[in-house]
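Novice: The structure that follows is given in the form of structure tokens.
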There are 2 protein chains.
Amino acid sequence: MEIRTYLDEQRHKIEERLAALMLEPIGPFAQHIEAMRYSLFAGGKRIRPILCLAGAAAVDSGEPTRQRALPVACALECIHTYSLIHDDLPAMDDDDLRRGKPTNHTIFGEAGAILAGDGLLTFAFELLSGVTSAAIPDPTRIRIIQTIAHAAGPLGMVGGQSLDMMYEGQQVGYEELRRIHRSKTGALITASVACGAMVAGASGDQEAALKTYGNHVGLAFQIVDDLLDVEATTAELGKPAGSDLMADKVTYPSLFGAETSRTMAREAVQEAIASLTPFDHQADPLRALARYIVDRRK
Amino acid sequence: MEIRTYLDEQRHKIEERLAALMLEPIGPFAQHIEAMRYSLFAGGKRIRPILCLAGAAAVDSGEPTRQRALPVACALECIHTYSLIHDDLPAMDDDDLRRGKPTNHTIFGEAGAILAGDGLLTFAFELLSGVTSAAIPDPTRIRIIQTIAHAAGPLGMVGGQSLDMMYEGQQVGYEELRRIHRSKTGALITASVACGAMVAGASGDQEAALKTYGNHVGLAFQIVDDLLDVEATTAELGKPAGSDLMADKVTYPSLFGAETSRTMAREAVQEAIASLTPFDHQADPLRALARYIVDRRK
């Protein structure tokens with residue numbers, strides 16, 4: 001399959017649905033909603049929602065399943081976007097540029113950006129519990145909400161970001177690096193694939209296999225992110241290149257060098273693809289996504 | 001009924017359950033969890049969880065219902081605590097004192113406090129979707145999650161806080177003041193009573209009556225908060241008295257004077273109690289709570 005065409009198509013469908021589900025910037029809360037929309041529609045790669053749709057398709061590629069998975073995919077993107085807004089804040093990574101545009105707080109102020117993040121996080125749970133997800137059976141919805149809340153919560157993404165802050169400027173080893181990545185990035189990526197699988201009515205074995213896929217893909221994604229931060233230019237990334245180095249953060253290249261890091265990313269992708277053995281051609285998008293994740297340039 | 005004894009008992013039961021449900025400050029995320037726990041166990045009034053339990057008891061005062069309502073009550077307190085942590089941040093109200101103790105960010109830093117808030121908000125949805133709430137039927141859980149997410153979200157509490165920030169230092173009128181309060185404080189208070197009612201299996205009419213109660217009580221609560229900010233001392237409040245005046249915020253006393261404001265609060269309480277007419281003595285805690293809310297000194 002042609003991965004670029006596939007990604008463009010998926011991104012288009014996700015953005016169409018996000019636009020339909022997101023609040024309009026009208027009425028008394030227009031300014032707050034505008035701040036949420038600014039980052040939500042800033043042209044992200046939409047990797048997490050695409051992984052959610054591809055995870056669903058691996059189990060059942062029918063259109064009804066895909067329609068049921070779309071609001072879950074949108075909720076995941078709301079949560080990812082909130083995390084970027086808060087990570088960029090002056091009190092955190094203090095970044096001015098994200099996806100090639102000024103970061104949320106440089107436009108809406110710190111208070112506006114904190115609240116835009118809070119709003120997107122909360123809105124994600126509205127999407128998962130509201131009429132927009134009503135086609136998913138209730139017990140499955142509850143499991144999806146729990147999976148996402150856990151992955152995004154204190155033992156997942158938020159916890160990982162707090163470790164990342166805590167270790168900044170410290171000499172930490174591989175174990176800590178893995179823990180930061182597993183929680184900060186890996187948990188939500190794995191949850192994205194897993195929730196897609198749940199929507200599609202995956203068996204326990206299928207869900208376990210797709211979680212394994214998610215764990216490996218999450219690792220590969222993070223190693224490549226670290227590599228790109230060293231190798232790519234700011235123009236390619238749409239955010240300041242070399243910012244990890246500047247912030248004195250431990251990364252895969254800083255621990256293992258660029259070459260070994262790239263090998264580790266390739267191995268993780270191979271393991272991700274190997275975990276898809278029980279699946280037929282319906283999992284081809286997941287296979288192509290795994291390969292894309294190491295080959296991408298931003 | 002003796003309201004102080006009742007409040008102490010309820011608070012004790014809520015804090016006991018919160019302590020059992022909350023993450024322990026051990027393992028790699030200990031520091032982050034410690035920051036969440038610091039504010040969660042800082043001795044709040046626990047008004048929202050108590051309203052949730054009292055709302056449930058008005059419909060069904062049996063012990064099984066109360067046990068089912070407790071995790072929902074705890075989730076509400078997590079969300080309320082997160083909102084206080086974020087409201088106190090330097091970028092927002094910049095408060096150093098809360099509940100008589102240094103605010104979260106003065107202890108854990110701005111990044112730590114932002115993440116503690118994010119963690120508590122997300123953890124609330126883990127509580128609502130996890131095994132701890134499994135005794136509530138799934139369709140009811142979904143409705144509860146939606147009710148809370150909506151009340152806390154962009155058109156509720158977060159939206160209200162963003163209005164509050166936006167209007168600071170501006171001459172706004174009664175309409176805007178009402179809108180800020182309804183969204184910032186009223187929505188979660190009403191949701192607290194309503195979710196208690198849902199857990200108890202309230203009929204549509206009962207739920208509607210309890211929402212009306214919540215709306216009036218939320219209004220009374222906010223008017224009294226405004227009055228206390230003017231009338232009480234910092235020692236009584238546990239947070240800086242006069243901070244609304246300092247921040248040039250429009251309040252009930254600034255618009256209507258203290259005497260009229262107090263009359264408005266009393267009227268709201270009367271309306272709250274009137275909305276409980278369909279309920280028997282099982283709603284006595286709600287009646288006593290409404291009266292307490294105007295008479296409290298902090």
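The values are calculated or read from the model by the stated rules, or taken from the named source; none is laboratory data. Quick caveat, the model's predicted, so the values are computed rather than measured. Using ideal geometry, Cβ is built from the backbone for each residue, glycine included, and neighbour counts are taken over all protein chains shown. Only protein heavy atoms, including side chains, enter the accessible area calculation; ligands, DNA and RNA are left aside. Shrake-Rupley method; radii C 1.70, N 1.55, O 1.52, S 1.80 Å.
Novice: Report the semi-axes of the equivalent ellipsoid for the protein assembly as shown in whole Å, largest first, where each axis is √(5λ) for an eigenvalue λ of the Cα gyration tensor. Don't jump to the answer; show the numbers that get you there.
Specialist: Values: eigenvalues 355, 142, 87 Å².
Its equivalent ellipsoid spans semi-axes of 42, 27, 21 Å.
Novice: Taking a probe of 1.4 Å and counting only protein heavy atoms, give the total accessible area buried between chains B and A in Å², rounded to the nearest 100.
Specialist: Details: alone 13020 and 13050 Å², together 21970 Å².
Roughly 4100 Å².
Novice: Pop a pseudo-label 7 angstrom from the Cα along the beta-carbon direction at both B:Asp295 and A:Arg297 and give the gap in nm to one decimal.
Specialist: Here the answer is 7.4 nm between the modelled labels.
Novice: For the protein assembly as shown, what does the accessible surface come to per residue with a 1.4 Å probe? Please give it in Å². Each step should come with its number before you reach the end.
Specialist: Working: 21970 Å² over 596 residues.
Result: 37 Å² per residue.
Novice: Sticking with this one: By Kyte-Doolittle mean hydropathy of at least -0.5 and Cα axial length of at least 20 Å, which whole DSSP H helices of chain B are selected? Display every interim value, and only then the final one.
Specialist: Details: long enough: B:3-21 (27 Å, -0.85); B:63-88 (37 Å, -0.18); B:104-129 (32 Å, 0.87); B:138-152 (21 Å, 0.08); B:204-231 (40 Å, -0.05); B:258-274 (24 Å, -0.33).
Once both thresholds are applied, what remains is B:63-88, B:104-129, B:138-152, B:204-231, B:258-274.
Novice: Among B:Ile114, B:Ser129, A:Ala20, which residue has its Cα furthest toward the positive end of the charge dipole of the protein assembly as shown, with +1 on Lys/Arg Cβ and -1 on Asp/Glu Cβ?
Specialist: My answer, from the dipole projection, is B:Ser129.
Novice: Using helices alone, what [θ] at 222 nm do you get for chain B, with -39,500 (n - 2.57) per DSSP H run of 4 or more residues, divided over all residues and rounded to the nearest 500? Present the calculation step by step, with values, prior to reporting the outcome.
Specialist: On the way: 15 runs with 212 residues, N = 298.
One gets -23000 deg cm²/dmol as the mean residue ellipticity at 222 nm.
Novice: Further question: For chain B, set up a Gaussian network in which alpha carbons nearer than 10 Å are linked by springs, and say which option among B:Leu76, B:Leu23, B:Leu121 fluctuates the most.
Specialist: Evaluated over chain B, the most mobile residue of the options is B:Leu23.
Novice: Is there a quick way to get the dipole size of the range A:37-118? I mean about its Cα centre, with the Cβ of Lys and Arg at +1 and of Asp and Glu at -1; what is the value in debye to the nearest 20? Intermediate values should be presented prior to the final figure.
Specialist: Working: 9 positive and 11 negative charges, 97 e Å.
That gives a dipole near 460 debye.
Novice: In addition: How high is the relative contact order of the range B:1-109? Use alpha-carbon pairs under 8 Å, at least six apart in sequence, and give a whole percent. All intermediate terms of the calculation are to be shown ahead of the outcome.
Specialist: Numbers: 82 pairs, mean separation 28.5, N = 109.
Relative contact order, the range B:1-109: 26 percent.
Novice: Order the peptides A:166-179, A:262-275, A:82-95 from the highest to the lowest mean number of other Cβ atoms within 10 Å of their residues. The partial results should precede the final answer.
Specialist: Working: A:166-179: 13.9, A:262-275: 18.5, A:82-95: 22.1.
Those peptides, ordered most packed to least, come out A:82-95, A:262-275, A:166-179.
Novice: Hey, if you put +1 on the Cβ of every Lys and Arg and -1 on every Asp and Glu Cβ in chain B, which of B:Pro154, B:His80, B:Thr5 ends up farthest toward the positive end of that dipole?
Specialist: So the residue we want is B:Thr5.
Novice: Kindly state, to the nearest 0.05, the FRET efficiency for A:Asp8 paired with A:Asp205, given R0 = 35 Å and r defined as their beta-carbon distance.
Specialist: Computed FRET efficiency for A:Asp8 and A:Asp205 comes out at 0.60.
Novice: Pick from B:Gly204, B:Gly112, B:Gly100: which residue has the top mean-square fluctuation in a GNM of chain B where Cα pairs under 10 Å get a spring?
Specialist: B:Gly204
Novice: Can you list the residues of the range B:28-54 that have at least 30 square angstrom less accessible area with all protein chains present than in their chain by itself, probe 1.4 Å?
Specialist: Residues passing the criterion (a loss of at least 30 Å², heavy atoms only) are B:Pro28, B:Phe29, B:Gln31, B:His32.
Novice: Taking Rh as the Kirkwood radius computed over C-alpha pairs, what is the Stokes-Einstein D of the range A:1-144 at 4 °C in a medium of viscosity 1.567 mPa s, expressed in µm² per second?
Specialist: Working: Rh = 15.8 Å.
For these conditions, the coefficient is 82 µm²/s.
Novice: Between rounded, prolate and oblate, where does chain A land on the alpha carbon gyration tensor, with a ≥ b ≥ c its root eigenvalues, rounded for a/c under 1.5, else prolate if a/b exceeds b/c? Before the final figure, lay out the partial values.
Specialist: Values: a/c = 1.61, a/b = 1.06, b/c = 1.51.
It is oblate, given that a/c is not under 1.5 and a/b is not larger than b/c.
Novice: Next question. Which one of B:Ile189, B:Ile148, B:Ile14 has the biggest mean-square fluctuation once chain B is modelled by GNM with Cα springs under 10 Å?
Specialist: B:Ile14
Novice: Enter the mean number of other protein chain beta carbons within 10 Å of the beta carbon of each residue in A:82-93, as an integer.
Specialist: Working: counts 3, 1, 0, 0, 5, 3, 0, 5, 4, 11, 4, 1.
Mean number of neighbouring Cβ atoms from other chains: 3.
Novice: Chain B: which residue's Cβ hugs the B-to-A rotation axis most tightly, distance rounded to whole Å?
Specialist: Residue and rounded Å distance to the axis: B:Asp138, 2.
Novice: Dipole size in debye (nearest 20) for the protein assembly as shown around its Cα centre, Lys and Arg Cβ +1, Asp and Glu Cβ -1?
Specialist: Details: 58 positive and 78 negative charges, 215 e Å.
So the magnitude is around 1040 debye.
Novice: Might you report the magnitude of the Cβ-based charge dipole of chain B about its Cα centre, with Lys and Arg at +1 and Asp and Glu at -1, to the nearest 20 debye?
Specialist: So the magnitude is around 560 debye.
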